Amino acid sequence: MASSSSSEGEGRRAWVPLASRPEFAGVTPLPQDDGPSPVVAIAYRDDFRETMDYFRSLYSSRELSPRSLLLTSLAISVNPANYTVWHFRRQVLEALGADWTEELEFTEGVAKRNAKNYQLWHHRRWVAEKLGPDAASRELEFTRKIFCLDAKNYHAWSHRQWVLQALGGWEDELDYCAQLLEEDVFNNSAWNQRYFVITKSPSLGGLNAMRDSEVDYAIEAIHANPENESPWRYLRGLYNDENEAWLNDSRVHSACLRVLKAKRNFKFALSTLLDLLGLGFKPNQEIKDAITSLRTSDLGEAGSDSDLANSICSILGLEDPMRANYWTWRKQQASSSS
Amino acid sequence: MPIGIAASFRFAGPRKEKKKKKLGGARMEPPPPPPPPPLGTTVTQRDQWTVEQEVGRIYSFFAQLPPAAQSFALEVQRDNHIEYLTRGLRGLAPSFGSLDASRPWICYWIIHSLALLGEPIDAELEESIIDFLSRCQDPSGGYGGGPGQLPHLATTYAAVNSLITLGGSRSLSSINRDKVHNFLRQMKQPSGGFRMHDGGEIDVRACYTAISVASTLNILDDELAEKVGDFILSCQTYEGGIAGEPGSEAHGGYTFCGLATMILINEVDRLDLSRLIDWVVFRQGVECGFQGRVNKLVDGCYSFWQGGACALLQKLHPFGLSEGGEDESTDSIDSSLYAASNVSEQEEQENNLESASPQVDGTCQFKQGGPQSASCSENTGNASYNFHERCAEGGSLFNSSALQQYILLCSQLPEGGFRDKPGKFRDFYHTCYCLSGLTVCQYSRSKHADSPPLPWDVVGPYSNLLEPIHPLHNVVLSKYQEANEFFAG
């Protein structure tokens, strides 16, 4: 099961065995101690095995040298998920006094092929921290590039949030969120980031100050695509613990009403009204009528449900059958509390 | 024009609903090519549309099969899965180099899957596994991704769970508990969270792997549990789900980890459970499987992360649906579970089992008083041991039969193994979590922790039944119990 060729699919230069390289003269490769009858034994490629044998040698002797740095680069290229290698690399960088900007370039190379690798992002965070606030714009730009390829990369979003909080650069963030949502209003990561910005950005005044305009923003998105779960959750989140304010913001129940009247994609509208009712919301006749008119014939007359919450749960049980059990449970909750 | 063809999906309905009418002969022509996605759509909509088309094709094809073929399609391909798994245990192709720092994980994914399928591992192989994992154990404590690698919380979790799944005193005693305890303490952070490894990342996964291991090894103390709840609470987002770090997006994997951890340290009531429940139930989509985040694609592995979270949640809140609804219990959570089920009802259920598959144990294990584990501190108690005994009363929070349908028809590969979704390749991770999700489904309506499910709770033939798991740790229940006794002293 051997192949010494490293050119398969990786685009690297032709592999020169480490044993032939002068920079590693005198290093005795240390084979992996898999034991006499290994399990989940990987049939390593020759270049992989040799690289890791050399790594083990320098790692176990704790050699913090330029050739160790080189070796960690090689080891990372054969397996970017090897956290021990990254850890050792950090030790080497600190001992040698690294050029942190060069190190960022190194990680960029790794990221091209492995944008979803934990170790890469953790390392990048560590390097950026060394550079401090000066690194902020480069980090924001870097994550932007990642988002062009995958606008929901979880690691990249966490990194971006860390950069903003640790290094700054908030100024354009709300605009960036708006841009992403312009491109894809269903991008829940962008909605999450928007929430992060309006609550945490030092230049925006916090949730209370932002709430009003954000409610309008969310409702506009809702009406464009009522089936889009993101703005519904965002809207709810704007009122997180402020139940009174949520109940009393007429824009919220008006938005629900408008969606109900359109008679399509109304499950989130009904669900929102159900939540509101649970908190003591008193709907007007128009809302009651809109709900009632959604009842299909198999539900019987409205009078068979004791109240509006019950009615909503019945409708949702049919409209959203995947969650039939959940709506039944909500119905029980509603009746036990009334 | 709305994306989504929910109306055309027929998922396996509730109890006893038989499927399609018998046809004269199966239509075997290839389905017509799908129409292109509508114009003016976003990336999210297009990607979602593509998956719905693919999944819809599978379900439509299934729907028109004659009953015998349908039955076969829904069968867990036990032998082929076992072969796929066992081969992996022995050796792996060069492409697995990318998992060279996760070999205890590969062990766990395979060993746990085999255990779920009720397939024992031969003694020699077991020896080799114990030996290998011992070589992954760091002299100062914890397990790394391979021999000589830095100890890491995730691989420690995987190694410990593997050894518990193997069972037996040789396996269990190979774990150096004191050293593991040391390692956990070293990883503990002032914020309450844990680092994954020396100088590593801090997130909710780290909390879960640390606390789960501490719990199963009976070394969970106040020092380890301190402020973990604060950290996890700060990770519950405005959406209701839990993120990896404060501020990040609500995500299924982290939601399971966060929820399970809070239960283990007895602080689950600090979470906003109704918002959490609302978020997680909406993660099951028209495809019948679960997505990891809002507006993202279905993936078989979330059958466990999200399905498992639902299973945990329904043990916390009485769902009392099958008996026409019970009052929401105002009693303390502990009391709800010891309510004795009607013995004659139990007998009736046992008589209804169609065919006893080997792993079905007809007796319901009633707890005999509380477990007293002297080495556990007063505060943390033994939430884990108590918790698995809780009964999910009546119906399940999520749509169990739909999820089983997704797992069996879309994730399962007849030649062995499970995958994320159609179009993706099989792997051991997805095999593990699809099977784990499947057992969660099968037992989701069981009145007691490991009492055998009713025939209609199991989609496909009753022989599909897997071993029950401990829902907090995701190890086979009987193995968990053995380990719990072993480490109690």
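What is the distance, in nm, between label points placed 7 Å from the Cα along the Cα-to-Cβ direction at A:SER203 and at A:THR292?
5.3
Please list, in order, the residues from the stretch A:196-231 whose amide nitrogen is less than 14 Å from a point placed 7 Å along the Cα→Cβ vector of A:ASP241.
From the stretch A:196-231, the list is A:207-208.
In a shell of Cβ-Cβ distance under 11 Å around B:LEU150, excluding B:LEU150 itself, what net charge do Lys and Arg (+1) and Asp and Glu (-1) give?
Numbers: positive: none; negative: B:ASP138, B:ASP198.
Cβ neighbours under 11 Å give a net charge of -2.
Regarding the stretch A:137-217, what is the average projected area of its C-alpha convex hull, in nm²?
Working: hull surface 19.6 nm².
Its Cα hull, projected and averaged over all orientations, spans 4.9 nm².
Which stretch or stretches of the stretch B:162-201 have amide N atoms under 18 Å from the point lying 7 Å from A:LYS130's Cα along the Cα→Cβ direction?
B:198-201
Rule-of-thumb check for the stretch A:99-246: C-alpha Rg over 2.2 N^0.38 Å?
For the stretch A:99-246, the normalised Cα radius of gyration is 1.12.
What's the extension gain from B:GLU54 to B:ALA488 if we count 0.36 nm per residue and subtract their Cα-Cα distance?
Working: separation 434, 0.36 × 434 = 156.24 nm, distance 4.97 nm.
Going from the current span to full extension adds 151.3 nm.
Tell me, what ³J(HN,Hα) does each residue in the stretch B:423-439 have, in order and in whole Hz, if you take phi through Karplus 6.51 cos²θ - 1.76 cosθ + 1.60 with θ = phi - 60° and put x for Gly and Pro?
With the stated coefficients, the stretch B:423-439 comes to x, 9, 8, 6, 7, 6, 4, 5, 4, 4, 7, 5, 5, 4, x, 5, 5 Hz.
What residues have an amide H closer than 5 Å to that of B:LEU92, excluding those fewer than 5 places away on the same chain, when H is modeled at 1.01 Å from N in the peptide plane?
A:ALA41, A:ILE42, A:ALA43
May I ask you to derive the FRET efficiency for A:ASN284 and A:SER137 from their Cβ-Cβ distance with R0 = 60 Å, giving the value to the nearest 0.05? Walk me through the numbers before you get to the answer.
Details: r = 51 Å, r/R0 = 0.85.
So, using R0 = 60 Å, E works out to roughly 0.75.
I need the peptides B:278-289, B:108-119, A:16-27, A:53-64 ranked by packing, meaning the mean over residues of other C-beta atoms within 10 angstrom, with the highest value on top. Display every interim value, and only then the final one.
On the way: B:278-289: 25.3, B:108-119: 23.8, A:16-27: 12.2, A:53-64: 18.2.
Ranking the peptides B:278-289, B:108-119, A:16-27, A:53-64 by packing returns B:278-289, B:108-119, A:53-64, A:16-27.
Based on alpha-carbon positions alone, could you give the equivalent ellipsoid semi-axes of chain A from the gyration tensor, as √(5λ), descending, whole Å? Please list the in-between numbers first.
On the way: eigenvalues 637, 122, 51 Å².
With the √(5λ) rule applied to chain A, the semi-axes are 56, 25, 16 Å.
Using the beta-carbon distance between A:GLU108 and A:SER337 and R0 = 56 Å, what value does 1/(1 + (r/R0)^6) give for FRET efficiency, to the nearest 0.05?
Working: r = 55 Å, r/R0 = 0.99.
My answer for the efficiency is 0.50.
With a/c under 1.5 counting as rounded, go ahead and sort the stretch B:409-489 into rounded, prolate or oblate using the C-alpha gyration tensor (a ≥ b ≥ c being the square roots of the eigenvalues; past the cut-off, prolate if a/b is larger than b/c, else oblate). Please list the in-between numbers first.
Working: a/c = 2.91, a/b = 1.46, b/c = 2.00.
In terms of gyration-tensor shape, oblate.
Which distance in nm do the two modelled labels at A:ASP212 and B:ARG90 give, with both placed 7 Å along the Cα-to-Cβ direction?
7.3
Once you have the Cα-Cα distance between A:ARG21 and A:ASP175, take 0.36 nm times their residue separation minus that, and quote the gain in nm to one decimal. Working shown, then result.
On the way: separation 154, 0.36 × 154 = 55.44 nm, distance 5.14 nm.
Result: 50.3 nm gained on full extension.
Pull out the extension gain between B:PHE425 and B:LYS227, defined as 0.36 nm times the separation in residues minus the alpha carbon to alpha carbon distance; nm, one decimal. Mind showing how you got there, number by number?
Working: separation 198, 0.36 × 198 = 71.28 nm, distance 4.03 nm.
So the extension gain works out to 67.2 nm.
Using only atoms on other chains, find how many Cβ atoms lie within 10 Å of each Cβ of peptide A:178-187 and report the average.
Values: counts 0, 0, 0, 1, 1, 2, 7, 4, 11, 6.
Neighbouring Cβ atoms belonging to other protein chains average 3 per residue here.
What average count of beta carbons from other chains do you get within 10 Å of the Cβ of residues in B:197-209? Spell out each step's value before the answer.
Numbers: counts 6, 3, 8, 6, 10, 1, 3, 0, 1, 0, 0, 0, 0.
For peptide B:197-209, the averaged partner shielding equals 3.
Rounded, prolate or oblate: which fits the stretch B:396-452, taking a ≥ b ≥ c as square roots of the Cα gyration tensor eigenvalues, rounded meaning a/c under 1.5, else prolate when a/b beats b/c?
It comes out prolate by the Cα gyration axes.
Report, in degrees rounded to the nearest 10, the 0 to 90 angle that the Cα long axis of helix A:267-278 makes with the longest principal axis of chain A.
That works out to roughly 70 degrees.
List, largest first, the extents of the alpha carbons of the stretch B:45-169 along their principal axes, each in whole Å.
Result, largest extent first: 58, 38, 25 Å.
If N is the number of residues in the stretch A:243-334, what value comes out of its Cα radius of gyration divided by 2.2 N^0.38 Å? Present the calculation step by step, with values, prior to reporting the outcome.
Values: Rg = 12.2 Å, N = 92, 2.2 N^0.38 = 12.3 Å.
Rounded to two decimals, the normalised Rg is 1.00.
Expressed as an acute angle from 0 to 90° and rounded to the nearest 10, what is the orientation of the C-alpha long axis of helix A:188-200 relative to the principal long axis of chain A?
90
Would you kindly derive the ³J(HN,Hα) couplings of the stretch B:60-72 from the backbone phi angles with the Karplus curve 6.51 cos²θ - 1.76 cosθ + 1.60 (θ = phi - 60°), listing them in order in whole Hz, with x for Gly and Pro?
5, 4, 4, 4, 9, 6, x, x, 5, 5, 5, 4, 5
Along the Cα→Cβ direction, 7 angstrom out, place labels at A:LEU299 and A:LEU149. What is the inter-label distance in nm?
That separation, rounded to one decimal, is 4.8 nm.
Please give the per residue volume of the convex hull enclosing the alpha carbon atoms of the stretch A:46-161, rounded to a whole number of Å³.
90
Read the figures in this text as sums done on the coordinates, not as results from a lab. Only a predicted model underlies this, so the values are computations on that prediction, with no experimental measurement involved. Methodologically, a virtual Cβ is constructed for each residue, glycine included, from the backbone with ideal geometry; neighbour enumeration extends over all protein chains shown.
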